[in-house]
Each structure stands twice: as structure tokens, then as C-alpha cells.
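Throughout, read-outs are computed from the coordinates displayed, never taken from laboratory work. The model shown is predicted, which means the values in this text are computed figures rather than measured ones.
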Amino acid sequence: MSFQGLLYLYGVLSDQATTLPVLDLIGKINTIKGHNIWVTSGNPSRQKAAVDFVINGLEKGTLKPIVDRVFPFDQIVEAHRYLEASGQIGKIVVTI
């Protein structure tokens with residue numbers, strides 16, 4: 001991470017402890033925040049604001065999702081196996 005970077009932790013693939021390079025983080029004065037989806041989805045006004053933010057960002061091109069791989073629908077089993085392997089960086093898309 002860069003100097004004074006901000007790291008959001010979101011999503012859990014394991015119940016194992018998440019290890020971080022503490023000395024590097026301290027030296028760069030980084031901030032780490034956890035995110036809980038219920039803060040947004042459990043509140044209708046926050047949910048609307050979040051959806052609007054994403055839609056506007058996609059329309060303006062300021063949000064650019066990273067797509068790791070695209071599968072046709074007839075390869076849905078392979079797509080699911082790929083997802084379960086947890087090797088992707090970005091989203092897995094299935095086209096219909």
C-alpha cells in the first residue's frame with residue numbers, strides 16, 4: 001500500500017486469521033477498516049445511496065469493475081468451480 005493508504009477488508013473466504021505485514025502498515029501510517037454489508041443493506045436510505053453511487057459511477061466511467069473471467073451460461077459448472085478455487089482477481093461474469 002502507498003503512504004497513508006486506506007485498506008477496506010470485506011468478504012470472508014475462511015475463518016482463519018487474516019495476517020497483515022504490521023511493520024509495513026505502521027511505517028506507512030496506513031488505515032485498515034472492516035466493512036459489514038448490513039450497515040448498508042439494512043438501511044433503505046443508505047442502500048439507495050449506495051446503489052445510486054454505483055450506477056452513477058458506472059455511467060460516468062469513474063467506477064470500472066475488474067473482470068477476471070467471462071463464462072458462457074453453458075459453462076456454469078466450470079464458472080462455479082473457478083469461483084470456489086478462489087484464484088480470481090476481480091469479478092466472474094456469466095453471460096446468458
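Can you tell me the relative contact order of segment 1-63? Whole percent, Cα pairs under 8 Å, sequence separation 6 or more.
Numbers: 43 pairs, mean separation 22.0, N = 63.
That works out to 35 percent.
Enumerate the calculated ³J(HN,Hα) couplings along segment 71-79 in order (Karplus 6.51 cos²θ - 1.76 cosθ + 1.60, θ = phi - 60°), each rounded to whole Hz, writing x wherever the residue is Gly or Pro.
Whole-Hz 3J(HN,Hα) from phi for segment 71-79: 10, x, 4, 6, 10, 4, 5, 5, 4.
Average projected area of the Cα convex hull of the chain, in nm²?
Values: hull surface 35.1 nm².
For the chain, averaging the hull's shadow over all directions gives 8.8 nm².
Taking amide H atoms as placed 1.01 Å from N in the peptide plane, list the residues 5 or more away in sequence, or in a different chain, whose amide H sits under 5 Å from that of PHE71.
Excluding prolines and chain starts, which carry no amide H, the hits are VAL93, VAL94, THR95.
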